[in-house]
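S.K.: Before I ask anything, here is the structure I am working with.
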Amino acid sequence: MRTLAFQMPDRGGGPTGPRIRVGRPSRRVRTLLMTLGVLAVLVMAFVMFAGFWTDWLWYRSVDYSSVFTTTLWTKVGLFVVFGLLMAAAVGANVWLAHRLRPPLSAMSMEQQNLDRYRMGIAPYKKWILFGLTALVGLIAGASAAGQWRTWLMWVNGVPFGQKDPQFHLDVAFYAFDLPWYRFLLGFGFAASVLSLVAAVLTHYLYGGLRVTSPGARATAAATGHLSVVLGIFVSLKAVAYWLDRYGLAVKASDFKATGNWTGLRYVDANAYLPAKTILFCIAVICAVLFFATLWRRTWQLPVIGFGLMVLSAILIGGLYPAIVQKFQVQPNEQAKESPYVEKNLKATRAAYGINDTKVTEYPGKSETDDKSKLRSDADNAASIRLIDPNVVSPTFQQLQQMRNYYAFPSNLDVDRYTKDGKDQDTVIGLRELDLNGIPKHNWINDHFRYTHGYGVVAAKGTAADAGGSPVFTESDLPSKGSLGKYEQRVYYGEKTSQYSIVGGPQKEIDYSDENGERTTSYKAKSGVNLSNPLNRAAYAVSLGEPQILYSGAIGEGSRILYNRTPKERVEAVAPWLTIDGDSYPAVVNGRIQWIVDAYTTSNGYPYASRTTLGDTTADSLTAANNQRAVVAQQNQVNYIRNSVKATVDAYTGKVKLYQWDKKDPVLKTWMKAFPNTVQPKADISKTLMDHLRYPQDLFKVQRELLTRYHVKSAQTFLSGSEVWQVPDDPTNKSGNAVPPYYLSMRMPDEANQAFSLTTTFTPNGRDNLSAFMSVNAEAGTSDYGKIDILKMPSAETIDGPKQVQSKFNSNEAIAEKIRLLRGGDSEVEYGNLLTVPLDGELLYVEPVYVRGGGLKYPLLRKVLVTYAGKTAFEDTLDKALNVVFGTESETPAEPEKPGDTTKPPPATGNETVQDALSDADKAFKSGQDAMKKGDWEAYGKAQDDLQDALQRAADAQKAAGEKSTDKNGSDKGDSDKDSGEKESGKGS
């Protein structure tokens, strides 16, 4: 072993210091370093493998392994093919430039000065070439792999059966073909530019190009080589000019009449389109001149041609269209743009499914003076929903949470359930697992013991009990009520974001009752089996949790559940779909099913204006509630269809996709790419069909477009005189749009009520009402998806939501009652302001909730109603409607004490009634005591006892009234009966 020895002086200036030997590390050290290096590589490889393996296991567990393999092999194929093409293009040009280098004797002094660089890389030039081509190949391959959706849509595309009005090509060309052609064009540009740069550097290094040397700047071989590369680049530019002609049909631009415009305008059709054709011809000529340099060996003509192309692009492609716009279009814009606006109107309405929207002129004032008829019509016009799902979640939480580790979503859902043969609007929520409420956090509790929620809680949408609480139709733990028997365990839900390990030696907490904790063990085959050591190691690495590898709580039968929210699961099995922001639960055939609406979208529909989904689907609820997802954040589209209805089983996590729109060509394309993943519409059961509804996010997109696209005349559209806006939510100060509301209601031209989704419009920049919009949301009916707009008369001013709310707040009598409701520490919350068409006018109804008296949840206290300028503020909806329609006089109610939840009716002389009222009083006091102690189970029992006692009192009063024979006695009995019924039905 060679050593290097040197001497160091002693600190004290004595003799020389010790000899220090520096040399190669010993064999043992080298072996250790090599071993560590190999281990590091193996660890990195296993980390990469773990991610791949766990993904494969998950897709296999949900029976969608074909989605994983199709996506994987498509990405791999694109990566390999385009990576090799890029590497081959750059490598071939470097090799050719080296091959065409001049002999050393012909090199100039400038090139001889570079000799040391050539000598330095000579021993490694093969490795340098390989490394360079591998690097560009990897980058290009990774970029191409990201285009797997574009490739699958191109290779599987089906025709739309509709042609664009300019080039008369099928819409599929723009939606499926053009994006792929543009990708190929971009790849070709990148390959030619990189090849050109690599060739220039190689030619310069080996003498083919000169900078400072006298004489020719390039050898003939270098000139020919670079001319061919430049000729390919210019040829691609010619192709780009030709494709740009078609791209004008889907080009987005800013147009003051529409804001975001898509498609050709006058300047596009009469300036840009001919300009692109001329530039295409010039580029073709220029490319031929570059290729001709192989024979002419001079740059003169190609450089002139290239300069002409650049100058033409500036003058013809830029200056000329600006002149046309300035001097031809602007002086007479409406006349010039009208034909193109008509195309935009037609295409936009077709692309967003609003072309069949029915616009009806609405009188805006009542057509009858018969008050009793109006009162009767009000009952038939709609099932007014007093329980606002966006307000009462805290009430569900307090009355039905039962355990701290359960929780409800911030916004509950509205569904329909049949009771006594009649459909009933129902507010529904699941009692989901909330890990924030478990008594002690550790790995076992968080992932093995507390694994699921339990049960459905549902309430009538149209009624509240005497204390203002929801009238539950399904409640308690385990849940019981009108929904019958069903699997109540909720392993998959909107709030379930962590993984759980179930089915093994460790028992799970099921629920608690008077006998203590009940335990269970997961029985379904969902999730991934952890009995395999390889699987455990892979999940330990991918989840960053080493305890998975060695924990004794994992054994035979253990399964890991993850990706547990409905949105995550549907997105994973159908990555080509855009998911609605609001999944909702339903009890279907003895199972809790999450129903998820999914959309197919495109931004390649010619002439259809684009919209940004993330902005369009936001409203006052999404702004206030971070849990409520917003569909497709900032995703720009100009075509959308609700083509798929998906379900996720809350117990097994099983995902099913159903084809909803049989005509959608985008869905047909994806079904060709991923066969056997989407089930036919015929497989949707009748029970499931009863719970499907029109999705909110699609409705929001359509209503935003209908603010401008409800008109069919290009002249009216351009004038802007009929532009509407979605009003801000008047019930809060968020400044965001009012959300749409689900409501069973009857439109003027309909005989019966239908489950609908509704909204209102106001004129742009004003607060009065301009239109009311409704869509039939009742799936399975022939009118499903039918959009109706009632347009208010422009000659009259009709109050909009903000003005109605302002009148509520400014009414002195109402303001005084509101002030009394706010007494103490009480807070007043306004519920959804519902709008219902009624006999030519509009009926507005708004529930008013109060939090106070130590209660942390809202209770329904009052109902605001207005119709034809008449306003009522009463304890019940019936009373308010009676006052508004003049069938009952308005009587000032005594102010209630903040915190009162239920009041028994006053005593009467009837002995049976007296006993019942005594029981009611006891139940009321028991409920108050239980509420103070936080014992909500006892409180619920007391409420049941109170309702039973009140019902007995009402029945006794009714019987007493029927037995009375003398006039005074009869009057008194009727009075007692009315009093009892009103008290027992208070708030309903």
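S.K.: Which entries of K419/K485; K419/K495; K422/K681; K371/K422; K663/K786; K480/K879 have Cα-Cα distances beyond 22 Å here?
M.R.: The pairs that break the limit, which is 22 Å between Cα atoms, are K419/K495; K422/K681; K371/K422; K480/K879.
S.K.: Additional query: Under the Karplus relation 6.51 cos²θ - 1.76 cosθ + 1.60, θ = phi - 60°, what is the ordered set of whole-Hz ³J(HN,Hα) values for region 682-699, x standing for Gly and Pro?
M.R.: Each residue of region 682-699 in turn: 5, 7, 6, 6, 4, 5, 5, 4, 5, 10, 6, 8, 6, x, 5, 5, 5, 4 Hz.
S.K.: Label 7 Å along Cα→Cβ of S512; region 454-497 residues with amide nitrogen under 17 Å?
M.R.: Output list for this probe position: 454-455, 476-479.
S.K.: Show me 551-562, 834-845 ranked by packing, highest mean number of other Cβ atoms within 10 Å first. Don't skip to the answer; put the middle values down first.
M.R.: Values: 551-562: 18.3, 834-845: 21.9.
Ranked by mean Cβ neighbours within 10 Å, highest first: 834-845, 551-562.
S.K.: Loop-only check: which trypsin sites (Lys or Arg not before Pro) in region 421-466 are DSSP coil with at most 16 other Cβ within 10 angstrom?
M.R.: K440
S.K.: Can you compute 3J(HN,Hα) from phi for each residue in region 370-386, using the Karplus curve 6.51 cos²θ - 1.76 cosθ + 1.60 with θ = phi - 60°, rounded to whole Hz and x for Gly and Pro?
M.R.: 6, 5, 5, 5, 4, 5, 5, 5, 4, 5, 8, 5, 6, 8, 4, 8, 8
S.K.: Take the alpha carbon gyration tensor of region 62-213, find the square roots of its eigenvalues, order them as a ≥ b ≥ c, and report rounded if a/c is under 1.5; if not, report prolate when a/b exceeds b/c, else oblate. Numbers along the way, then the final one.
M.R.: Numbers: a/c = 5.43, a/b = 2.16, b/c = 2.51.
Cα axes put region 62-213 in the oblate bin.
S.K.: Counting only Cα, what are the radius of gyration and maximum Cα-Cα distance Dmax of region 702-809, in Å?
M.R.: 14.7, 42
S.K.: So if each residue of separation counts as 0.36 nm, and I subtract the Cα-Cα distance between S806 and N156, what length gain in nm does that give?
M.R.: 228.4 nm
S.K.: Now, a different point. Show me 797-808, 862-873 ranked by packing, highest mean number of other Cβ atoms within 10 Å first.
M.R.: Highest to lowest by the protection proxy: 862-873, 797-808.
S.K.: Okay, next question. Highest first, please rank the peptides 194-200, 129-135 by the mean number of other Cβ atoms sitting within 10 Å of their residues. Could you put the intermediate results ahead of the total?
M.R.: Values: 194-200: 20.4, 129-135: 15.1.
Packing order, densest peptide first, comes out as 194-200, 129-135.
S.K.: Take the alpha carbon gyration tensor of region 287-359, find the square roots of its eigenvalues, order them as a ≥ b ≥ c, and report rounded if a/c is under 1.5; if not, report prolate when a/b exceeds b/c, else oblate.
M.R.: Details: a/c = 7.45, a/b = 2.33, b/c = 3.20.
Here region 287-359 falls in the oblate category.
S.K.: Which pairs break 25 Å Cα to Cα here: K276/K343; K251/K326; K75/K645; K507/K686?
M.R.: Details: K276/K343 22 Å; K251/K326 20 Å; K75/K645 27 Å; K507/K686 37 Å.
Check vs 25 Å cut-off fails for K75/K645; K507/K686.
S.K.: Which residues' amide hydrogens lie under 5 Å from the amide hydrogen of D434, considering only partners 5 or more residues apart or on another chain, with H built in the peptide plane?
M.R.: Y406, A407
S.K.: Tell me whether region 611-738 comes out rounded, prolate or oblate; compute the Cα gyration tensor, take square roots of the eigenvalues as a ≥ b ≥ c, and use a/c under 1.5 as the rounded threshold.
M.R.: Values: a/c = 2.38, a/b = 1.49, b/c = 1.60.
Oblate, because a/c is 1.5 or more while a/b does not exceed b/c.
S.K.: Further, regarding this structure: L842: net charge of surrounding residues, Cβ under 11 Å, Lys/Arg +1, Asp/Glu -1, itself excluded?
M.R.: -2
S.K.: Would you work out the relative contact order for region 420-507, in percent, from Cα pairs under 8 angstrom that are 6 or more residues apart?
M.R.: 34
S.K.: What list of ³J(HN,Hα) couplings, whole Hz, do you get for region 701-710 from phi and the Karplus terms 6.51, -1.76, 1.60, once you set θ to phi - 60° and write x for glycine and proline?
M.R.: Along region 701-710, the couplings run 4, 5, 5, 5, 5, 5, 4, 10, 9, 7 Hz.
S.K.: Mind listing P(r) for region 780-860? All alpha-carbon pairs, 10 Å bins, whole percents.
M.R.: All Cα pairs considered, the percentages come to 14, 34, 27, 17, 8, 0.
Rule-based calculations on the coordinates, nothing more; no lab input. The structure displayed is predicted, hence computed values, not measured ones. When we count neighbours, we look across all protein chains shown, and the Cβ atoms used for this are built from the backbone with ideal geometry, even at glycine.
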